[in-house]
Amino acid sequence: MYNIIHGINSPHLYSLMDPKTNKIVPQPVHINRLKPAYIRVPNPCEYFMDRVISKQDTMDTASTSHDNLISEQSSTNNDEVLEVPNLRRSTRQRQKPIRFRDDNFITSGTETSSASDGTLLKVKRFLAKKNHDGNIRYLAHLIGEPAQNAIWIEENQLGPKARALLKSRPPPIIP
């Protein structure tokens, strides 16, 4: 059973009326005892809940006002250019992988195992192992590089730390 609000005595007390008998309930009821509802008949209004303005509502009103502004300006002056406010762009700085930050470092297609000064590359982990023409080659994920840039290196090109890493965590063998 439901009741209709007959009167608002205070912000938190309401007088109710039974819709079938049209009798007013003698004691006002606190708002916490009522369920929120939207009254549709005879005149629609929102008694209990204030309308919450959502982000979508503001975007809809902004777009309609912007459309109205465009239509007004286009009807008055066709020669003027409409200025749209600048949107905030991301300020994130993307950094290149380490091997591309150094301008003096050049890798050829064949020499992928060591840097130009003869030092060995630092290996983060080994992704795969395969036998290539009698030599064992490892797919090495280098420190400071994304995994997509992993390179194939031979066992004799590994440094002592890389060999220790290889023994502690051997990679899977692929054909």
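The values are calculated or read from the model by the stated rules, or taken from the named source; none is laboratory data. Only a predicted model underlies this, so the values are computations on that prediction, with no experimental measurement involved. Heads up, the Cβs are rebuilt from the backbone with ideal geometry, glycines too, and the neighbour counts pull from every protein chain shown.
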**Report entry** Close pairs from the stretch 10-21: first outside the structural domain of Leu34 (by TED's automatic domain parsing) and over 10 Å from Leu34 (Cα atoms), partner among the hydrophobic types (A, V, I, L, M, F, W, C) and surrounded by fewer than 13 Cβ atoms within 10 Å (Cβ to Cβ), Cβ under 9 Å, at least 6 apart
**Finding:** none
**Report entry** Of all residues in the stretch 157-175 being among the small types (Gly, Ala, Ser) and touching a Leu at 6+ places or on another chain (Cβ under 9 Å), the one that is surrounded by the fewest Cβ atoms within 10 Å (Cβ to Cβ)
**Finding:** Gly159
**Report entry** Only one of Glu154, Glu145 that is at pLDDT 85 or above, surrounded by 13 or more Cβ atoms within 10 Å (Cβ to Cβ) and acidic (Asp, Glu)
**Finding:** Glu145
